[in-house]
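Here is the structure we will look at.
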Amino acid sequence: MNLTLKSKTALALALGLAGAPALAGMDEARAFLDEEIGDLSALTREEQETEMQFFVDAAKPFEGMEIKVVSETITTHEYESQVLAPAFTAITGIQVTHDLIGEGDVVEKLQTQMQSGENIYDAYINDSDLIGTHWRYQQARNLTDWIAGEGADVTNPGLDLEDFIGLSFTTGPDGKVYQLPDQQFANLYWFRHDWFNDEKNRADFKEAYGYDLGVPVNWSAYEDIAEFFTGRDLSHLGVEGEVFGNMDYGKKDPSLGWRYTDAWMSMAGMGDVGEPNGLPVDEWGIRVNENSQPVGSCVARGGATNAPAAVYAVTKAIEWLEKYSPPAAAGMTFSEAGPIPAQGNVAQQMFWYTAFTADTVKPGLPVMNEDGTPKWRMAPSPHGVYWKDGQKVGYQDAGSWTLMESTPVDRAKAAWLYAQFVTSKTVDVKKSHEGLTFIRESTIQHDSFTERADKLGGLVEFYRSPARVQWSPTGTNVPDYPKLAQLWWQNIGDAMSGAKSPQEALDALCADQEKVLERLERAGIQGEIGPVMNEEQDAQYWFDQPGAPYPKIENEDEDPKTVSYDELIASWQ
């Protein structure tokens, strides 16, 4: 957690919550604005007070109500739970408990509420990866109709949906918005800028490989750089201990599934061209028809989960993990592997989440300069040999507010007020400085981030660039995220452990996915937008069709290509 974060108790004292409860209202709102927000807002002080007055007035019917909301545990949500929730309670009189649990547990609770109809939480911050699930099952309130109807009296006039940069991720094929983004982070390429700019490293790399050391554009260059740095003596830069050219994780654990469903296959070039996701074949390898109905996952049905590009993707990940990563990495989970690059002995990581930025810019880390600037940078991830212009090249996580239909209306209204408060223009700039998970254009463009940009290793430049649209969460081809996601870590775990070859593991994965799709088709519970499976055909039939799945490229080692980081950043301006 960010060490500058005020404790819940300190803020409660500042807002007069200690001892006898004060009446909610504008005095508490002004204290919050003075104490916590200051100039770190996209709104003027007058506009902030107008927005706070809306929350005070709209909350009156719910004063004294106790509500429970839940999210995964990341820095942004810690700030909401420990600072913004007590502030909201002080201002509105609505008692909010904001629980922090593991991401898998959030999905499990949501799934239980969907299956039982029991109101476990009044609102969830759950990944927009479930957009296909919410759209098909219709168990989450669609916010477009909610705002126009039942929720109109508790919808902030200053909400400004157009300001949310991830709204396309939370919109179904029906054009309705099902979730409100609360935090976003991308998986990007991370590298040691200081090592790449070192004259000796540059000269040695050029001599060994015949081209310039720089940001890799493709996987062939990434592999060369990984090989070059692994085991390299960097004592001339004051680096002690063994150096590695790659960082990843491989433990058979639910987080291994995210490692692959979070667009690794699309980075290799498995799916079709399209934004925000490949169409008709997406980054899970699931094909849909013109009505957005899933029709297959295996190549025999026109899917690509076990296609040559997917096999190439998994093969490369395993090879790099074994050859160029710390020996412990193969037994690590997502959360265990996350802090490793900041320890100072990793040259690059292709699959690095910007959610780790806040913990990778702390003073005193081996990857930080004394002046507070990082020795590392982030850039777009390189793409594989099957990749084509216009394909998705990376993943963006968009944790988003979700109101379930099973939540009573009054409780949903109170929770919707809290969701809008923590994403409001009043608080979003300050919240974004705490967690660095941008959701609003007005926040990204705020002067305070222009001033801080050189301390954040390219994060601000990325989010201000047009390149960001090529990074997106799981799309609407996935009809039941909770059921399908668990199949990935179980099957790919078999390839990581060596129990199966990548081809065997992916054959099993696509077959398992199709069993779920077939069950959903038989059950008919998703109506006319649920799966309707294609008949199986010879693989060559599909390879001969335009688009994904693509036939095997005989030479998967393409000519390596790098670009200078400074040129890359300039191209974004």
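The values are calculated or read from the model by the stated rules, or taken from the named source; none is laboratory data. No experiment lies behind these values; they were computed from the predicted model shown. FYI the Cβ positions are ideal-geometry reconstructions off the backbone, even for glycines, and counts take in every protein chain you see.
Here is the figure for the range 396-412: residues that are surrounded by fewer than 19 Cβ atoms within 10 Å (Cβ to Cβ) and of a type in the set (S, T, N, Q) total 1. Scanning the range 215-259 for residues that are surrounded by fewer than 23 Cβ atoms within 10 Å (Cβ to Cβ), under 22 Å from GLU103 (Cα atoms) and hydroxyl-bearing (Ser, Thr, Tyr) gives a single hit, SER255.
Where in the range 60-138 are there strands (runs of 3 or more DSSP E), lying wholly inside it, with at least 3 residues that are assigned by TED's automatic domain parsing to the domain that holds LEU167 and in contact with a His (Cβ under 9 Å, 6 or more places away or on another chain)?
66-72
Only one entry in ASP233, ASP253, ASP272 is in contact with a Ser or Thr (Cβ under 8 Å, 6 or more places away or on another chain) and not assigned by TED's automatic domain parsing to the domain that holds ASP174, namely ASP253.
Only a single item in (1) surrounded by fewer than 24 Cβ atoms within 10 Å (Cβ to Cβ); (2) in contact with a Pro (Cβ under 7 Å, 6 or more places away or on another chain); (3) within 26 Å of ALA186 (Cβ to Cβ) is not met by VAL273, and it is number (2).
Every listed requirement among (1) in the same structural domain as ARG30 (by TED's automatic domain parsing); (2) surrounded by fewer than 24 Cβ atoms within 10 Å (Cβ to Cβ); (3) of a type in the set (S, T, N, Q) is met by THR426 save one, (2).
State yes or no: is PHE191 assigned to a strand (DSSP E or B) and either of a type outside the set (Ser, Thr, Tyr) or free of Cβ contacts under 8 Å to residues at least 24 places away in the same chain (or both)? Here the answer is yes, as PHE191 does meet what is asked. Here is the figure for the range 370-386: residues that are closer than 22 Å to ILE225 by Cβ and surrounded by fewer than 21 Cβ atoms within 10 Å (Cβ to Cβ) total 2. With the structure loaded, tell me whether ASP410 is acidic (Asp, Glu) and in contact with a helix residue (DSSP H, G or I) (Cβ under 8 Å, 6 or more places away or on another chain) or whether it fails that test. The answer is yes for ASP410. Please indicate, with yes or no, whether at least one residue in the range 349-371 is assigned by TED's automatic domain parsing to the domain that holds THR171 and part of a helix (DSSP H, G or I). No, the range 349-371 contains no residue that is assigned by TED's automatic domain parsing to the domain that holds THR171 and part of a helix (DSSP H, G or I).
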